Amino acid sequence: MKTTYREAVRAGLHDALVNDPSVFMMGEDIGKYGGSYAVTKGFLDEFGPERIRDTPLSELAFVGAGIGAALGGMRPIVEVMTVNFSLLALDQIVNTAALYRHMSGGQFHVPLVVRMATGAGRQLAAQHSHSLENWYAHVPGLTVVAPAIVDDARGMLAAALASPDPVIIFEHALLYNFEGELTDAWKSADVRTAKVLRNGGDVTLIAWGGTVWKALQAASDLAAAGVDAEVIDLRVLRPLDDATVMTSIRHTRRAVLVDEGWRSGSLAAEVMARILEQAFYDLDAPVARVCTEEVPIPYAKHMEEAALPQPAKIVAAVQRMLGKG
Amino acid sequence: MNASQVVEVPPPLVAGTLPGSRDFWLARLRDMVLMRRFEERCADLYGQLKIRGFLHLYIGEEAVAAGAMPALAPDDAVVATYREHGQALARGVSAKAIMAEMYGKREGCCRGRGGSMHLFDAATRFYGGNAIVGGGLPLGVGLALADKLQSRPHVTAVFFGEGAVAEGVFHESLNLAALWRLPVAFFCENNLYAMGTALARSESQTDLCAKAGTFRIPTAKVDGMDVVAVYQAACAAVASVRAGNGPYFVEFQTYRYRAHSMFDPDLYRDKGEVDAWKKRGPIHALTNRMKGAAQLTEEEFAAIDASAIGQVEDAVAFAEAGTWEPVEDLTREVCAEARP
């Protein structure tokens, strides 16, 4: 069945609200407005204002309230409109949600789900285009996921809600209008593993969230040039599924990371380090990466495109690696 | 302007009859004496390097925890700060488990993972132990939201210092609680100094009730050195909250005798100011009042004090006999072992 990413996310949320009375949603403009990405349109009428709670512009307080509600036996799904605004809630996510199990010696845990849109590509300029998934993926105590395909948009939420600890879900804003084939695999989506989306023997492209389709496009372009690329959708950014990555690299012997975050201190750097730690002698070439250039995201379209990872940059990186660049 | 000049010390408490039973006030006196003896011992143990890290003593402020806690029911929730030994003891967390926690021992209430600033106890719904100023406020709002959504008649009491009032999250949290009429009691312990910064040196509006009142919630300003006044104000607040009237804000005006932490040289206030507040000590005040009402003798007080010292020594012995969690367990209690 064909569906959009938006519809898939919406169906996952709808399931959760129908199936579990302890699930409720909080966030800015999720109710009357219908969600800034129209994901929750109609939910207020269907589920009522107790379970679909429009909040004031108080990210720190409503994320903190989500933590408290989770401690109090509810299963809150908190929507922070975008990762850019999540910086206002960083204290509660990092200092409270992630630490409560540990600080309390295991007495308390925080089954909280926080969803947020992320990423650039819509000419929204510097303050509305961040990709800061790596900031969250740095923190022990959090699970961080980035659904890229419609199966995951549909199914990862259930696994996130089943987690006894906080889960941060990043939805790349460009993906909402993407259409894909929904398969039964959505029913077994987990928050543990990476997934091979395309098999190939020459190089492994490792991407997540908004860069997955760019990696798939690059793989398709490379195929036309006779290069057979494998594509891994990392899916889960913390904890990282090293096994799937290393298995692929032992087969292809080459790897290119594709990361919409800035290069310095990027999640790509972490994955590259793990590859060097675990599969160095299996490599035929230095690991490469295509990241966002070290510049705030510009408004002008041609400049924004130049700043971000693009299929052509991925193809070029692979060609260089193969000595064809 | 000298910070100490802006601080007015309220007049001493007048001896008189006490409302309620003698046994009730004897219990409050026992609580306060236990807190005092416990923390005096903590300071000693810090000097002996048995307790390390940050240690924030509550000495002088005991009437707030001792008076406010009995206003709550066992199923209510408590959220506190990093200066929470008093609240934990008053809530009924065992002195032994607290002391062992400060030693960093496995027998501590948090297996030694938390320390002085992070005391937690699920059995008494004691949710920390929050060491980011203001961090406990939205958490308490959320606990109250969970109670409301599940139609439970519980109240969440959030303790925080006046320093938290400067944080944006104070305003966000009070607004959210008021907007949604959540069952949360905001208990502000105004000890006049945020570390070393006096209230008047950091806030344009020093009337904390005026600030809280802008969220259209009931407020009360109470002498936090008077355990009787604290108890009465806390009961009124908790009753209002439990009746479904939404949040309530109480400012307890109190004073910390010791420095902010063991690292604080205490250079920002006059010794005279500290001495003036010591004359209004909460233990002294209740003792005098009970003696004046012929409800306490010197011998009885001495017995209470001796009992408290005994409990503290038992706690120290328990902590000394405690064990270290094996390093092999280092990465425990980060996430659940099984992941969906």
Test residue A:26 against the stated conditions and say whether it is within 14 Å of another protein chain (Cβ to nearest Cβ) and in contact with a Ser or Thr (Cβ under 6 Å, 6 or more places away or on another chain). yes
In the stretch A:191-205, residues that are touching a Ser or Thr at 6+ places or on another chain (Cβ under 8 Å), of a type outside the set (D, E, K, R) and either farther than 23 Å from residue A:167 by Cα or buried (at least 24 other Cβ atoms within 10 Å of the Cβ) (or both) total 5
Take residue A:159 and decide whether it is assigned by TED's automatic domain parsing to the domain that holds residue A:38 and of a type in the set (A, V, I, L, M). yes
Single residue of the stretch B:84-106 satisfying the filter (charged (D, E, K, R) and within 22 Å of residue B:142 (Cβ to Cβ)) that is surrounded by the fewest Cβ atoms within 10 Å (Cβ to Cβ): B:91
In this structure, is residue A:248 farther than 30 Å from residue B:338 by Cβ and hydroxyl-bearing (Ser, Thr, Tyr)? no
Quick one: which residue in B:90, B:73, B:146 is within 17 Å of the chain's Cα centre (by Cα), of a type in the set (A, V, I, L, M) and either within 23 Å of residue B:324 (Cα to Cα) or part of a helix (DSSP H, G or I) (or both)? B:90
Every residue in the stretch A:136-178 that is β-branched (Val, Ile, Thr), touching a helix residue (DSSP H, G or I) at 6+ places or on another chain (Cβ under 7 Å) and under 18 Å from residue A:97 (Cα atoms), please. A:139, A:144, A:145, A:167, A:168, A:169
Among the residues of the stretch A:259-285, what is the count of those that are buried (at least 17 other Cβ atoms within 10 Å of the Cβ) and in a loop (DSSP other than H, G, I, E, B)? 1
Given B:80, B:146, B:100, B:73, which one is among the aliphatic types (A, V, I, L, M) and over 22 Å from residue A:70 (Cα atoms)? B:100
Just to check your reading of the model, which residue among B:325, B:337 is buried (at least 17 other Cβ atoms within 10 Å of the Cβ), part of a loop (DSSP other than H, G, I, E, B) and within 14 Å of another protein chain (Cβ to nearest Cβ)? B:325
If you take the residues in the stretch A:67-109 that are of a type in the set (Val, Ile, Thr) and at the interface with chain B (Cβ under 8 Å from one of its Cβ atoms), which one is surrounded by the fewest Cβ atoms within 10 Å (Cβ to Cβ)? A:96
Name every residue in the stretch B:82-116 that is of a type outside the set (Gly, Ala, Ser), at negative phi and within 13 Å of chain A (Cβ to nearest Cβ), in order of residue number. B:82, B:84, B:93, B:98, B:101, B:105, B:106, B:107, B:109, B:110, B:113
Which residues, counting only those in the stretch A:297-325, are over 29 Å from residue A:252 (Cα atoms) and touching a helix residue (DSSP H, G or I) at 6+ places or on another chain (Cβ under 7 Å)? A:297, A:298
Filter the stretch B:124-146 down to the residues that are free of Cβ contacts under 8 Å to residues at least 40 places away in the same chain and either surrounded by 20 or more Cβ atoms within 10 Å (Cβ to Cβ) or more than 7 Å from chain A (Cβ to nearest Cβ) (or both) and list them by number. B:134, B:135, B:138, B:142, B:145, B:146
Within the stretch B:147-165, the residues that are touching a residue at least 60 places away in the same chain (Cβ under 8 Å), surrounded by fewer than 21 Cβ atoms within 10 Å (Cβ to Cβ) and more than 9 Å from every other protein chain (Cβ to nearest Cβ) are B:153
Residue selected from the stretch A:43-66 under the condition surrounded by 16 or more Cβ atoms within 10 Å (Cβ to Cβ), at the interface with chain B (Cβ under 7 Å from one of its Cβ atoms) and of a type outside the set (S, T, N, Q), by the criterion nearest to residue A:112 (Cα to Cα): A:66
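The values are calculated or read from the model by the stated rules, or taken from the named source; none is laboratory data. All values reported here derive from a predicted model rather than from experimental measurement. Positions of Cβ are backbone-derived with ideal geometry, glycine not excepted, and every protein chain shown enters the neighbour counts.
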